[in-house]
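Just so you know, all these numbers are worked out from the coordinates, no wet-lab data involved. These numbers were taken from a predicted model, which means no experiment stands behind them. Backbone-built Cβ (ideal geometry, glycine too); neighbour counts: all protein chains shown.
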Protein chains: 2
Amino acid sequence: MSGPLVYHRGPEFPDLLTGVVEDAKRLFPTQDELFLLSSSGTGAMEASVVNTLSPGDRVIVAQAGSFGARWKDICAAYDIDVISVDAEWGQTIDPARIEAILQDDATISAVLTTQSETSTGVVHDIEGIGRAVSAHKALLIVDGVSSVCAHPLDTNAYGVDVAMTGSQKGLGLPPGLAVITFSENARKASETARCPKFYLDISKYRDAFAKGRGPATLPVTLISGMRAALDLVHEEGIEQVWSRHARHAQAVREAIWSIGLECFADSPGNVLTAVSLPESIDGLELMTKLRQSYGIVIGGGLAHLRGRIIRISNLGFVTDDDIRFIVKALEETLSWMGLKFDRGSAIGSAEKVLST
Amino acid sequence: MSGPLVYHRGPEFPDLLTGVVEDAKRLFPTQDELFLLSSSGTGAMEASVVNTLSPGDRVIVAQAGSFGARWKDICAAYDIDVISVDAEWGQTIDPARIEAILQDDATISAVLTTQSETSTGVVHDIEGIGRAVSAHKALLIVDGVSSVCAHPLDTNAYGVDVAMTGSQKGLGLPPGLAVITFSENARKASETARCPKFYLDISKYRDAFAKGRGPATLPVTLISGMRAALDLVHEEGIEQVWSRHARHAQAVREAIWSIGLECFADSPGNVLTAVSLPESIDGLELMTKLRQSYGIVIGGGLAHLRGRIIRISNLGFVTDDDIRFIVKALEETLSWMGLKFDRGSAIGSAEKVLST
């Protein structure tokens, strides 16, 4: 990304763009068409809605957290009628609830949900939701912004029609570049979708990408960065990247459990671990201490969970030693804050996972 | 931009964001509110429309080139009724034509135009257009994507209600960050504008920026880059940046005229110089030769002008020696391609301007 800028109308750009598009498909993996947008992940979420749906359409939003709830806000902005399948924060969505609604109402155009709910650490069962949706005409649209690289989001096997991710998540790049995929059914839907759009109009991307360029200026340094990140991922192997995320998340969970704490999520994913804190521990103080004493940045609780949970990420190009360092810092800091447990148990429990 | 990433939810980010926003206002200059978007300039153009207008509104699009015409496409996407004030490519818009329409039709909500039309090298008279619009209720929305830093776009003095630029233009940054300003009248219009929107909804930016963050993830490396670019601009002084662009564009024009060629624009701006080529010179061959022999990238003609004009930019952090180099390369290449002129005249004419 620090090299000379590739001119986005110059002769080298089409090969760069086409290569990144093809290799990015291996992250999900998907054989669907894939586009890069100059936007955050939220822009790609909106693109999935405005390119497949029309005002007045009915959809199911299946959600249990602040990122899942964003689907409702986007649909509301476009007068799309939402049937909510809500679960408590920290819980997973039961695919049977979605199927029951689809059985009753054949007019539903799409099911919108989230693979990794970053506000709670839950991973939703996209494969199960895909099976629930498969017998119905509804499209399945999945926010994979934080999950891609940590969990398979096998769009073709799961029956996902539109999926998206962002550069600053599993690929470890700076933010500013979003990735979106469209299945053949989603592509067909995009031909009749009547939500107004211009910048996020995927038909413009389809035409321009076929010629190796963007419909407007693309963020070329981030695309060069994605070339390098994809090379790192494919050198390690995407299956190994998934299993590394699984192993690191497991190490953090074992550490947490060993000192008597609980995961907030009923089905914790491999992107991050949300930890429920006892009354005696203030999450904001813990975060500040980790930042000031160790230079470690973790997430706090959003909305009503502020101060009540912490969220420890292992997403991106994280090493075993990074996990050892955060577990050690957490053990020291919680002990310093007065939590009682056998010192060394968190480090030892994490090490058991890391050393296997 | 190559330094450690500033965490966009961390304690350092609000100061970075707020400082960049305040200093970016000095580029126009403007006292209006200013926001940064994770998008190309086109995204900011769309944001100006969807945040100030409603479906069914009538607007004037005053345009004379491919970027000006984009306003029509954006308005069409949102069912906004467009009255076209078109000039031939290479010509400027006469503000009197806009005023005549505004006199006749009090229902017009906005006038949309372009300061620097990059496809032709024309700079439109925004001050004059501002005077034409000033007696009417219509908002004035100006695409300053390529012009900011090369020409003043004094929104408050000219009566511009919404203006925008992109990171990859006068600021010399990579693409991916757009800047947009809203006057008090534009802010009021944004409270009632009914175009559907979510990602580009400026009310979300207004709320989030007040707290020193973005409504969704902002491209933090580009914001760090903008911090550095603004420091460079303000160290030189924005007036000096404008006069440098004027001097460089003048040097290129004098060079062109000295060898018997003409500018394509009737009112050439200081962003780039579009040069009409004689029949004997193929623009695409000239571009290839400059690229291969000198490593110089220039623009060609768009649409019907393909091969018939070249476009030489002096936008961004360009030095006098950069101008000397392109003029020398152009003189050598045109001579090699068979154009007859007194050798040395282009270099000499440019030098007269550069050395004063």
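So for the protein assembly as shown, taking the charge dipole from beta-carbon charges (+1 Lys/Arg, -1 Asp/Glu), which of A:I223, B:F341, A:V148 sits furthest toward the positive end?
Result: B:F341, furthest along the dipole toward the positive end.
Give the Debye-formula value of log10 I(q)/I(0) at each listed q (0.08, 0.09 Å⁻¹), with one equal scatterer per alpha carbon of the protein assembly as shown, two decimals each.
Evaluating at q = 0.08, 0.09 Å⁻¹ gives log10 I(q)/I(0) of -0.67, -0.83.
Within segment B:141-206, which trypsin sites (Lys or Arg not before Pro) sit in a loop by DSSP and count at most 14 neighbouring Cβ atoms inside 10 Å? Intermediate results must be reported in sequence, preceding the final value.
Numbers: sites: B:K169, B:R187, B:K188, B:R194, B:K197, B:K204, B:R206; in loops: B:K169, B:R194, B:K197.
Sparse-neighbourhood loop trypsin sites (Lys or Arg not before Pro): B:R194.
Could you compute the net charge surrounding A:T120? Neighbours are other residues with a C-beta less than 10 Å from the C-beta of A:T120; K and R count +1, D and E count -1. Could the numbers behind the result be given before it?
Numbers: positive: A:R311; negative: A:E88, A:E117, A:D266.
Net charge in that neighbourhood comes out at -2.
One quarter of the convex hull surface, Cα atoms only: what value does that give for chain B in nm²?
On the way: hull surface 71.3 nm².
For chain B, the mean projected area of the Cα convex hull comes to 17.8 nm².
Put a label point 7 Å from Cα along the Cβ direction on A:D81, then list its distances to the equivalent points in the other copies in nm, shortest first.
Those separations, rounded to one decimal, come out as 3.1 nm.
Please express the Cα-Cα pair-distance distribution P(r) of segment B:132-283 as a list of whole percents, one per 10 Å bin, running from 0 to the bin with the greatest distance.
Binned Cα distances yield the sequence 9, 28, 32, 20, 8, 2.
Would you mind telling me which residue in B:G301, B:G41, B:G68 has the biggest mean-square fluctuation in a Gaussian network model of chain B, where springs connect alpha carbons within a distance under 10 angstrom?
B:G301
I need the inter-copy label distances for B:V297: point set 7 Å along Cα to C-beta, values in nm with one decimal, smallest first.
Going from nearest to farthest copy, the values are 3.0 nm.
With only alpha-carbon atoms counted, please give the Rg and Dmax of segment B:268-356, in Å.
12.8, 38
Most mobile of A:D104, A:D32, A:D266 per a Gaussian network model of chain A (Cα springs, under 10 Å)?
Answer for the Gaussian network model of chain A: A:D104.
Just to confirm the numbers: B:D105, label point 7 angstrom along the Cα-Cβ line, distances to the other copies in nm, shortest first?
So the distances to the same position in the other copies read 4.1 nm.
Indicate, rounded to the nearest 5 percent, the antiparallel portion of the DSSP beta bridges found entirely in segment B:13-235. Working shown, then result.
Details: 12 of 31 bridges.
Around 40 percent antiparallel, to the nearest 5.
Hand me the chymotrypsin sites (Phe, Trp or Tyr not before Pro) from segment A:1-101 located in a DSSP loop with no more than 15 other Cβ atoms within 10 Å, in residue order please. Working shown, then result.
Values: sites: A:Y7, A:F35, A:F67, A:W71, A:Y78, A:W89; in loops: A:Y7, A:Y78, A:W89.
In loop regions of segment A:1-101 (DSSP not H, G, I, E or B), the sparsely surrounded chymotrypsin sites (Phe, Trp or Tyr not before Pro) are A:Y7.
Could you tell me the center-to-center distance, by alpha carbons, between segment B:154-188 and segment A:210-279 in angstrom?
Their Cα centres are 36 Å away from one another.
Can you give the local net charge around B:D104? Use residues other than it whose beta-carbon is closer than 13 angstrom to its beta-carbon, Lys and Arg +1, Asp and Glu -1. The partial results should precede the final answer.
Details: positive: B:R58, B:R97; negative: B:E99, B:D105.
Charge balance near B:D104 sits at 0.
Please state the relative contact order of chain A as a whole percent: Cα pairs under 8 Å, 6+ residues apart?
On the way: 719 pairs, mean separation 68.3, N = 356.
Worked out over chain A, it gives 19 percent.
Of all DSSP beta bridges in the protein assembly as shown, what percent run antiparallel (nearest 5)? Spell out each step's value before the answer.
Numbers: 44 of 82 bridges.
Percent antiparallel among DSSP bridges in the protein assembly as shown is about 55.
Among A:Q168, A:Q240, A:Q292, whose mean-square fluctuation peaks in a Gaussian network model of chain A (Cα, cutoff 10 Å)?
A:Q292
If Lys and Arg each add +1 and Asp and Glu each add -1, what is the summed charge of the other residues whose beta carbon sits under 13 Å from the beta carbon of B:K204? Don't jump to the answer; show the numbers that get you there.
Details: positive: A:R70, B:K197, B:R206, B:K211, B:R213; negative: A:E46, A:D73, B:D201, B:D207.
Within the 13 Å Cβ shell, the charges total +1.
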